[in-house]
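The values are calculated or read from the model by the stated rules, or taken from the named source; none is laboratory data. Quick caveat, the model's predicted, so the values are computed rather than measured. Using ideal geometry, Cβ is built from the backbone for each residue, glycine included, and neighbour counts are taken over all protein chains shown. We work out accessible area using only protein heavy atoms, side chains counted, and drop any ligands, DNA or RNA first. Shrake-Rupley method; radii C 1.70, N 1.55, O 1.52, S 1.80 Å.
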Amino acid sequence: MSDYELRKFVAPEFVFGYGAAGLAGRHARNLGASRCLVVSDQGVAAAGHTEAVVRTLRDEGIACATFLGVSENPRDTEVMQGSEVFRAEGCDAIVAVGGGSPMDCAKGIGIVVANGGHVLDYEGVDAIPKPMPPLVCVPTTAGSSADVSQFAIIRDTPRRVKIAIVSKANVPDVALVDPLTTLTKARNLTAATGLDALTHAVEAYASNAHSPVTDMFALEAIRGIGTALFDVLDDLRDRDARARMALGSMNAGLAFSNAILGAVHALSHSLGGLLDLPHGECNALLLPFVVRRNFTAAPRRYRRVAEALGVDGALGAGGTLAAPDDEVRDALFARLGDMRRRAGFDKGLAQYGVTRGQLAELARLALDDPCLSTNPAPLDARELEELYAEAL
Amino acid sequence: MPKRSDDLREKLIGLGQASTRKSYYPELKERLQQLELFRALLESAGDGVLLLDADTLVVLDANGAACRFAGLPWEALTGRPLAAAFPELAGWKPRLAGGAEDAEPQDGPRTGAWHMADAVPTATGEERRLIRQPSQGGGLWLELALKRHDIGGRPYVSCIARDVSERLRAEEELRESERKYRALFEAANDAIFLIRDGLVRDANRRACELFGRPLDQLTSMAPRDLSPPEQPRSGDTRLVEEMRLAKALGGEPQFFEWTHLRADGAPFDCEISLSRFTLRGEPWLIAIIRDVTEQKKLREIMVQTEKMMSVGGVAAGMAHEINNPLSAITQSAQNLQRRLAPGVPDNEAAALMAGVDLERVQHYFELRGLAKLVTNIREACARAADIVRHMLDFARRSDAERSECDLSVLLDRAVELAENDYDLKKRHDFRNIRIIREYTPGTPRAECAPTEIEQVLFNLLKNASQAISRKAYPQREKPRVILRVGTQRGVPGLPEGAGRSDGSGEPATPGADADYVRVEVEDNGPGMDERTRVRAFEPFFTTKPPGEGTGLGLSVSYFIVSRNHGGHIIVESQPGLWCRFTVLLPAVRRGA
Ligand SMILES: [Fe+2]
């Protein structure tokens, strides 16, 4: 595979920095909004972020309707409720405030109001015929990167699976990445979203769809998150550490939105869909096992990942291999596991309530996930089931 | 750093107020709003607006009015062919042409439906069509205007449907009103002229009849061209006409008597009312011309009747008064004769007592011609009694028996009587007069007392015979009497209920349109001058030398016809040429 094959890089217009959230009104106005649906959730609203954004919108003379009915893994029913509110209120733009859930839900609402029908009708890749109304994202989690990505992950409640809607039409018009909004995040959520971001970066870098541009963002994200995450966890009020975390997360988002992900997310989506397990924690748990499984399919890439995470001897001077593959692989496996435990997660899947009997079904669902197609190693259902078993 | 470059830097790095990556969305929203506004405008339009696919004429979009006209909701109307909305259009293709580039038939599928039709496109490429559209309210008239458009390289047809029911109704009402007034105009019993700039511009049927001229002749003439140069009452026709027209145009309606001429030059009297009206801003005059010839005749009849009734009354009164002394004279003369007659015991006894011989008294009487004198008295009395009896008849209803009679039979019988009449034979043999009969076949019968009517007709024949006897006929002319029997509808000029000529209070005619049987006796004798004619029926008015008739014949006839039969008797004459008596008797209605 050549580095110079055709590649496209899609990213929203974004503003990164302290106070970026305050620009929501201005950008919404510039995008032609006169009445916005503000999609958020109860936790974010309780932290005051929703109200702050609404104020900037009102200051620009934009009327607002607020929809807070979003749960952790946003459901199709919530999307449909939100689009009803959008229509009933006569809205013409959407502003999402919060983590991955409100942003994915906002994307779903946008898809439905522009295209009609049900949100599940648009499952898959490039299946959205009409672009949605203007969408401004104000992320408050530094993790999901839905604010820069072309992904929307929605939980199909009747089928109990997470479906991926992947389309360039899902990229928001503007992302306002404000590290200050992440200051209020609790330790556990900070850790989970941070590890999710790390997973994004690692999977994007190892992806068979990576490109020189995505590599740049991915490696920078791995490096940044590798140190920033623990600085933040040491002091949750450290603004600059929060900012580095936010930047790392955004870089990871830019990388995976274009290079796509891998088996970790395929497996994790399955767990989220079937059992409603927390996304970040699942990723953190699965990442070491998948890396170990994939390593031989892209050893040079994983060596660079290891190097970026500070694994000694992953890369020698002048590109010579300092240590054999399996040593580096095991070191990386250990490092990822350490990071997870240091972040405060040590449960196996069984402790999350997953039984051995569910593994085959989970694997079957994961096999259908689009993310699996960019995993550096082709994996079949049996191999996926084995990975679950390892994480049990 | 100075403020200005600060701003510039902000803008350059994308943090200015308006620094958002280009988005067509605000512009698009504005256009959508315009479209929505336009859509609202279309929706509020009273006209139906439909957008059609040019090839299939399938409705792509329609506004509220179009849905209303079609009687279909939008969802049902769109996606279906135009004929689903307007059933009358089934199987119809508009003859539409596209732009100039489509004037030539093209190859390929884009040529469209209008090329398949044998179309001659209008200059604007628009086709209009009036259709009847069934609806709940009983149907609408819609005017459809179809036009071809190319939008974004695709051919469309726009169809504007306008409800023209109201307009058509108004037009129909106007036509109806026009028909109504035209009917009034044409049905009028008076002649009507519409005059502008002193010339007749329109005239009704009655005017054509009255003047005896076709419409196109009348419409190029001035009223004075239809009049004699002099008006009997008012003088110079041209001057009077000018004055009347000017006054009427000045807004002062005119009403006056006038003499007009028929096409054959015969004058007739009329009453004219002249008034102004405005048509399309121009002053017009309407002239209503009433022929009063018949009215005059009627007036004459009325005057005549009035006069005859009073004269008849006077005569009857006189007769009644004379009757008693006359009876006394008659009786006395009779007694005188009887008391002188020999062989009567009373006479013998009285003579014996007086010591005179009755034979000698007789002889004396003879010598002195006394018996003859008494006879004269008696004869004179008889004649006077005859006159008195006639005079009494003037005021007395006859009780003669009535039956339905064929007047031609009565007329023939009267002719027979006249031919055998001693008096007539004596002076002027009736048989030397040529009798011309003009009997109209199928003439209805009249209910009358046959003996009385026979007498009337006999009187008229006698009158004719006497008139003829007074005329010296030139070589080529021979005495003749024309007898006519026919029907007449109504009495000319007689308004309903005015036919009471006997003062009895009973209508002489059962209705204005009652049919009469008309009998005419026309001689070619010397005729009557007007003075004589108007007095012809007066009792004792006679042109005959004294002693030649009583002058009661026509009076008696008059009373028989008018009072006893509810009819009319009229005399007309052209002095020196002819005299005509007309008897009108109510006809027996067929089927009545
Ligand atoms: Fe993720």
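Which one is nearest to residue B:564 (Cα to Cα) among residues in segment B:410-460 that are of a type in the set (D, E, K, R) and not in a helix (DSSP H, G or I)? Write out each step before concluding.
Going through segment B:410-460, the residues of a type in the set (D, E, K, R) turn out to be B:412-413, B:416, B:419, B:421, B:423, B:425-427, B:429, B:431, B:434, B:437-438, B:445, B:447, B:452, B:454.
Then keep just the ones that are not in a helix (DSSP H, G or I); that gives B:421, B:429, B:434, B:437-438, B:445, B:447.
Numbers: B:421: 25, B:429: 31, B:434: 31, B:437: 26, B:438: 26, B:445: 17, B:447: 11 Å.
Among residues in segment B:410-460 that are of a type in the set (D, E, K, R) and not in a helix (DSSP H, G or I), the one nearest to residue B:564 (Cα to Cα) is B:447.
Quick check on this structure: which one of A:134, A:102 is surrounded by 24 or more Cβ atoms within 10 Å (Cβ to Cβ), within 16 Å of the ligand (Cβ to nearest atom) and either within 15 Å of residue A:37 (Cβ to Cβ) or within 14 Å of another protein chain (Cβ to nearest Cβ) (or both)?
Among A:134, A:102, only A:102 is surrounded by 24 or more Cβ atoms within 10 Å (Cβ to Cβ), within 16 Å of the ligand (Cβ to nearest atom) and either within 15 Å of residue A:37 (Cβ to Cβ) or within 14 Å of another protein chain (Cβ to nearest Cβ) (or both).
The condition of being in a helix (DSSP H, G or I), within 16 Å of the ligand (Cβ to nearest atom) and either in contact with a His (Cβ under 7 Å, 6 or more places away or on another chain) or over 24 Å from residue A:277 (Cβ atoms) (or both) does not hold for residue A:192.
Please enumerate the residues belonging to segment A:206-229 that are part of a helix (DSSP H, G or I) and open to solvent by 10 Å² or more (accessible area, probe 1.4 Å).
The first filter runs over segment A:206-229 and keeps only residues part of a helix (DSSP H, G or I), leaving A:206, A:212-229.
The answer is A:212, A:213, A:215, A:216, A:217, A:219, A:220, A:223, A:224, A:226, A:227.
Restricting the first member to segment B:288-315 and to residues that are under 15 Å from residue B:560 (Cα atoms), and the second to residues that are part of a helix (DSSP H, G or I) and open to solvent by less than 30 Å² (accessible area, probe 1.4 Å), the beta-carbon pairs closer than 7 Å and six or more apart or on different chains are B:305/B:562; B:308/B:558; B:312/B:394; B:312/B:559.
Cβ separations smaller than 6 Å between residues 6+ apart or across chains give no pair from segment B:39-53 residues that are in a helix (DSSP H, G or I) to residues that are open to solvent by 50 Å² or more (accessible area, probe 1.4 Å).
Here are some residues: B:416, B:447, B:438, B:452. Which one is open to solvent by 20 Å² or more (accessible area, probe 1.4 Å) and modelled with pLDDT of 90 or more?
Of the residues listed, the single one that is open to solvent by 20 Å² or more (accessible area, probe 1.4 Å) and modelled with pLDDT of 90 or more is B:438.
Per this entry, residue A:60 is not counted among residues that are open to solvent by 10 Å² or more (accessible area, probe 1.4 Å) and within 18 Å of residue A:170 (Cα to Cα).
The set of residues in segment B:14-28 that are within 7 Å of chain A (Cβ to nearest Cβ) and polar (S, T, N, Q) comprises B:17, B:20, B:23. Can you find, within segment A:286-301, the residue that is nearest to the ligand (Cβ to nearest atom) among those that are modelled with pLDDT under 95 and within 21 Å of residue A:224 (Cα to Cα)? Out of the qualifying residues, it is A:301. In summary, helices (runs of 4 or more DSSP H) completely within segment B:144-261 and bearing 2 or more residues that are touching a residue at least 60 places away in the same chain (Cβ under 8 Å) and in the same structural domain as residue B:273 (by TED's automatic domain parsing) occur at B:205-211. Residues of segment B:16-64 that are touching a strand residue (DSSP E or B) at 6+ places or on another chain (Cβ under 7 Å) and under 30 Å from residue A:30 (Cβ atoms): B:20, B:21. All but one of (1) open to solvent by less than 60 Å² (accessible area, probe 1.4 Å); (2) within 14 Å of chain B (Cβ to nearest Cβ) hold for residue A:68; state the number of the condition that does not hold. Every listed condition holds for residue A:68 apart from (2). Of the residues that sit in segment A:137-184 and are within 21 Å of residue A:245 (Cα to Cα) and open to solvent by 20 Å² or more (accessible area, probe 1.4 Å), which one is nearest to the ligand (Cβ to nearest atom)? Among those that are within 21 Å of residue A:245 (Cα to Cα) and open to solvent by 20 Å² or more (accessible area, probe 1.4 Å), it is A:144. In this structure, does residue A:228 turn out to be of a type outside the set (Asp, Glu), more than 13 Å from the ligand (Cβ to nearest atom) and away from chain B (no Cβ under 14 Å)? Spelling it out, residue A:228 is indeed of a type outside the set (Asp, Glu), more than 13 Å from the ligand (Cβ to nearest atom) and away from chain B (no Cβ under 14 Å). With respect to the conditions (1) assigned to a loop (DSSP other than H, G, I, E, B); (2) at pLDDT 95 or above, residue A:129 falls short on a single one, namely (2). Looking across segment A:271-284, the residues that are open to solvent by 10 Å² or more (accessible area, probe 1.4 Å) and either away from the ligand (no atom under 15 Å from the Cβ) or of a type in the set (S, T, N, Q) (or both) come down to A:274, A:275, A:276.
For segment A:60-96, a residue qualifies if it is outside any helix (DSSP H, G or I), touching a strand residue (DSSP E or B) at 6+ places or on another chain (Cβ under 8 Å) and touching a residue at least 60 places away in the same chain (Cβ under 8 Å), and the qualifying residues are A:73, A:74, A:75, A:92, A:93, A:95, A:96.
Kindly check whether there is at least one residue in segment A:326-336 that is within 16 Å of the ligand (Cβ to nearest atom), in contact (Cβ under 8 Å) with a residue 24 or more places away in the chain and on the phi < 0 side of the Ramachandran plot. Steps first, please.
Within segment A:326-336, the subset within 16 Å of the ligand (Cβ to nearest atom) is A:336.
After this cut, where a residue has to be in contact (Cβ under 8 Å) with a residue 24 or more places away in the chain as well, the list is A:336.
Okay, now just the ones that are also on the phi < 0 side of the Ramachandran plot, so A:336.
Yes: one or more hits.
Among the residues of segment A:340-348, at least one is within 16 Å of the ligand (Cβ to nearest atom) and assigned to a loop (DSSP other than H, G, I, E, B).
In segment A:8-40, which residues are more than 12 Å from chain B (Cβ to nearest Cβ), β-branched (Val, Ile, Thr) and crowded, with 19+ Cβ neighbours inside 10 Å?
If we filter segment A:8-40 for residues that are more than 12 Å from chain B (Cβ to nearest Cβ), which is where we start, we get A:8-10, A:18, A:21, A:36-40.
Next cut, β-branched (Val, Ile, Thr) only: A:10, A:38-39.
Listed by number, the residues that qualify are A:38, A:39.
Give segment A:255-268 a look and list any residue that's within 13 Å of the ligand (Cβ to nearest atom) and either aromatic (Phe, Trp, Tyr) or open to solvent by 10 Å² or more (accessible area, probe 1.4 Å) (or both), or say none. Residues satisfying the conditions are A:256, A:260.
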